[in-house]
Amino acid sequence: MASILSLENISKRFGAVVVADGIDLALDQGEALGIIGPNGAGKTTLFGMATGTVTPDAGRIVYDGADITRLAPERRCRLGLARSFQIPQPFSGMTVFENVVVAAAFGAGESERAVYDRCADLLDRCGLIDKANKRAGGLTLLDRKRLELARALATKPRVLLLDEVAGGLTEHECGTLVELIKTVRAGGVSIIWIEHVVHALLAVVDRLAVLHGGKIIASGDPHTVIRSPQVEEIYMGIAADA
Amino acid sequence: MTGWFNVILQGVLIGGLYAMFAAGLSLIFGVMRLVNIAHGDLIVLAAYIALMATTSLGLDPLTSLIIVVPAMALIGYALQRGLLNRTLGDDLLPPLLVTFGLSIIIQNGLLELFTADSRKLQAGAIEVQTLQVMQGVWVGALPFIQFVVAVAVIAGLQQLFYRTALGRAFRATSDDQAVAQLMGLDTRHVFAMAMALSLAIVAIAGVFLAVRANFDPSIGPARLIFGFEAVIIGGLGSMWGTLAGGVILGVAQAIGAQIDPGWQLLAGHIAFLVILAVRPQGLFPKVSG
């Protein structure tokens with residue numbers, strides 16, 4: 001199957017800290033890929049490089065057959081590349097609905113009037129419809145996370161990059177979120193999901209990659225990878241949950 | 001009694017002009033955290049463009065707005081794309097220095113082209129027309145029109161900010177530039193649109209300024225101060241606050257001038273300082289996110 005997004009031999013260092021050391025990672029069309037790794041392994045920087053907010057020192061990023069390594073973030077968004085943030089970053093002075101409308105109108109390049117229905121539908125799917133007219137700055141953590149997802153989806157992504165969306169949620173909230181991500185995936189969106197909550201990840205992804213010290217140290221079937229000696233060595237014990 | 005009422009009324013009307021000085025400044029600061037030191041000189045530039053339009057095409061000043069407003073908007077867009085966008089970043093100093101330089105360039109350019117002579121736009125009969133508000137209180141037609149236009153500009157901006165895609169783009173970019181980019185917003189274009197809009201308002205303010213009083217290339221910085229004071233009095237980020245700020249400044253100046261003609265500017269500055277001391281966030285600060 002053709003890959004829709006691939007990072008080819010990507011390297012990045014911040015001063016003496018190497019966050020990416022020749023990473024090769026390809027996401028197939030329609031695939032859901034999970035990435036785990038200890039804090040500071042360079043997971044979030046990987047998303048920054050894929051979406052254009054961080055420039056890699058070396059290597060190439062290819063999306064849908066085109067080199068996008070130097071493309072501006074807003075152009076990548078319009079091509080169908082969207083991400084959520086680990087720490088939700090809503091436009092806090094705007095309403096929930098406006099947040100989604102901005103993403104839908106500019107991210108998908110449509111007029112505001114044309115996106116109203118789609119935005120209302122999205123908020124409904126993400127469980128935010130009751131709070132549509134609330135100021136986004138006043139939302140609870142769960143709702144902020146939902147808004148991150150709704151806003152990313154509003155841009156009509158073909159590839160969705162999720163950064164620790166399950167962290168800090170209760171078991172029940174987490175279950176709701178997993179169901180939502182499954183429906184997004186069923187809609188044909190390819191997903192890369194960085195997550196510490198491994199059981200949520202395993203419920204969705206087809207493949208699991210482990211990032212450690214700026215390198216992919218394991219990649220393959222999620223249940224095999226999670227039991228691999230490398231992972232047990234890094235995580236010690238967390239793997240037992242799976 | 002009617003004497004004082006008259007003084008305050010005239011102050012309110014001139015406050016509309018100050019609010020227009022302030023609205024463009026506030027818009028730019030709000031969207032991109034840029035303090036435009038050249039704002040006052042751009043007002044004067046607009047007045048000279050209007051002067052050229054009225055003398056070469058024979059238009060009356062208010063009609064010349066159909067040329068001056070788009071011209072200034074274009075200048076604003078080009079200025080932002082070509083120069084100011086390059087100065088924006090984490091550091092507030094580069095845009096400050098660059099617009100300061102721009103202020104000097106505009107003043108000297110105008111001096112070279114138009115000399116230091118005082119000019120005025122002639123609006124004809126409308127300049128002396130008056131409306132009687134009540135027994136013994138008269139209002140000039142032009143100050144009245146100027147105030148109505150100022151209110152319309154502020155109301156229009158308010159509508160634009162909260163009811164249009166461009167307004168939401170302004171607010172989203174103002175809130176978080178990096179995230180706005182990830183949502184598909186071309187922030188360089190958004191900033192340029194904000195500057196275009198700011199200078200379109202500057203154009204209107206410049207024409208009213210030039211009809212109301214004499215102008216020469218050196219008067220820009222004083223208009224900048226009035227604009228700043230109105231913004232601070234009203235509260236950063238609030239459009240209606242800007243109108244209130246302009247009106248308070250105008251009324252304070254009018255009262256000062258009534259007591260002693262030399263106190264006009266002093267009274268305005270004192271009103272500003274009092275508000276800054278008592279309520280540093282301004283009268284109507286935007287609810288912080």
Q: Scan (1) among the small types (Gly, Ala, Ser); (2) within 11 Å of chain B (Cβ to nearest Cβ); (3) assigned to a helix (DSSP H, G or I); (4) touching a helix residue (DSSP H, G or I) at 6+ places or on another chain (Cβ under 8 Å) for the single condition A:Gly48 breaks and write down its number.
A: (4)
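Of all residues in region B:194-220, how many are within 12 Å of the chain's Cα centre (by Cα) and not aliphatic (A, V, I, L, M)?
Initially, region B:194-220 is screened for residues within 12 Å of the chain's Cα centre (by Cα), giving B:197-209, B:220.
So of that shortlist, the ones also not aliphatic (A, V, I, L, M) come out as B:198, B:206, B:208, B:220.
Total satisfying the criteria: 4.
Out of B:Leu51, B:Leu84, B:Leu27, report the one residue that is under 16 Å from the mean Cα position of the chain (by Cα) and buried (at least 21 other Cβ atoms within 10 Å of the Cβ). Give the derivation first.
Numbers: B:Leu51 fails: under 16 Å from the mean Cα position of the chain (by Cα); B:Leu84 fails: under 16 Å from the mean Cα position of the chain (by Cα).
Of B:Leu51, B:Leu84, B:Leu27, the one residue that is under 16 Å from the mean Cα position of the chain (by Cα) and buried (at least 21 other Cβ atoms within 10 Å of the Cβ) is B:Leu27.
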Q: Could you pull out the residue among A:Ile87, A:Ile68 that is surrounded by fewer than 22 Cβ atoms within 10 Å (Cβ to Cβ), free of Cβ contacts under 8 Å to residues at least 24 places away in the same chain and over 16 Å from the mean Cα position of the chain (by Cα)?
A: A:Ile68
Q: Could you identify the single residue in A:Leu149, A:Leu81 that is surrounded by 18 or more Cβ atoms within 10 Å (Cβ to Cβ), of a type outside the set (D, E, K, R) and within 19 Å of A:Glu179 (Cβ to Cβ)?
A: A:Leu149
Q.
Can you go through B:Gln177, B:Gln135, B:Gln122 and tell me which one is under 30 Å from A:Phe97 (Cα atoms) and in contact with a Ser or Thr (Cβ under 9 Å, 6 or more places away or on another chain)?
A. B:Gln177
Q) Only one of A:Ile181, A:Ile194 is crowded, with 22+ Cβ neighbours inside 10 Å, under 26 Å from A:Gly30 (Cα atoms) and in contact with an Asp or Glu (Cβ under 6 Å, 6 or more places away or on another chain); which? A) A:Ile194
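Here is a yes/no grid of residues against (1) modelled with pLDDT of 90 or more; (2) outside the structural domain of A:Val115 (by TED's automatic domain parsing); (3) on the phi > 0 side of the Ramachandran plot:
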residue	(1), (2), (3)
A:Asp143	yes, no, no
A:Glu173	no, yes, no
A:Gly187	yes, yes, no
A:Ile192	yes, yes, no
A:Glu195	yes, yes, no
A:Leu211	yes, yes, no
A:Ile216	yes, yes, no
A:Gly220	yes, yes, yes
A:Ser228	no, yes, no
Q) Just for strands (runs of 3 or more DSSP E) wholly inside region A:94-213: which have at least 2 residues that are within 14 Å of chain B (Cβ to nearest Cβ)? A) A:159-163
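The values are calculated or read from the model by the stated rules, or taken from the named source; none is laboratory data. A quick note: this is a predicted structure, and the numbers were derived from the prediction, not measured. We place every Cβ from the backbone using ideal geometry, glycine too, and count neighbours over all the protein chains shown.
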